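Okay, structure first, notes after.
Computed from the coordinates by the stated procedures, all read-outs in this text should not be read as laboratory data. Please read these numbers as outputs of a predicted model, since none were measured by experiment. For neighbour counting, all protein chains shown are included, and Cβ atoms are generated from backbone atoms with ideal geometry for every residue, glycine included.
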Amino acid sequence: MKIEEWLDREERNGADMSGVRPPAELLYDEAPDETVYFREFNPCSILCPERHPFSMVERFGRWYYCRGQDRAAGIHSSEMEWTFFTKDRNLAVETARSHIQTDIG
């Protein structure tokens with residue numbers, strides 16, 4: 001089953017799509033159709049192996065998978081992670097931007 005099919009089924013069953021989490025194997029087995037947006041806040045260096053705040057939007061069919069970690073969590077933190085699915089591309093990109101642009105000049 002594809003992620004898009006699973007999401008459509010969940011939507012038909014009345015699930016709250018902003019908080020739904022697909023089975024992990026679906027996310028690992030299927031590559032997105034495109035990466036719409038990606039931004040990472042990494043003031044270290046490209047060689048730093050630690051976690052850094054990021055925002056990403058990937059498209060799976062008609063669905064946009066938005067995920068990331070708020071910049072407010074700080075560098076090298078695993079706190080404040082967020083995810084949601086939507087069919088609205090503009091909402092997805094604006095949400096991703098708002099999570100990563102906290103205090104960015």
In degrees, nearest 10, the alpha-carbon axis of helix 89-100 is tilted away from the dominant principal axis of the alpha carbons of the chain by 30 degrees
Amide H contacts under 5 Å for residue 33, restricted to residues at least 5 apart in sequence or on another chain and with H modeled in the peptide plane, are 59, 60, 61
Isolated cysteines for the chain, Cβ-Cβ cutoff 4.7 Å, are 66
Distance in Å, no decimals, from the C-alpha centre of the stretch 65-92 to the one of the stretch 1-30 is 18 Å
The stretch 1-74: relative contact order from alpha carbon pairs under 8 Å, six or more residues apart, as a whole percent, is 27 percent
Full extension between residue 25 and residue 40 adds, at 0.36 nm per residue less the Cα distance, a length in nm of 2.9 nm
Rounded to the nearest 10, the angle in degrees between the Cα long axis of helix 3-12 and the longest principal axis of the Cα atoms of the chain comes to 60 degrees
Candidates 55, 77, 45; GNM for the chain (alpha-carbon contacts under 10 Å) flags as most fluctuating 45
Here the equivalent ellipsoid of the chain, derived from its Cα gyration tensor, has semi-axes (largest first, whole Å) of 26, 14, 12
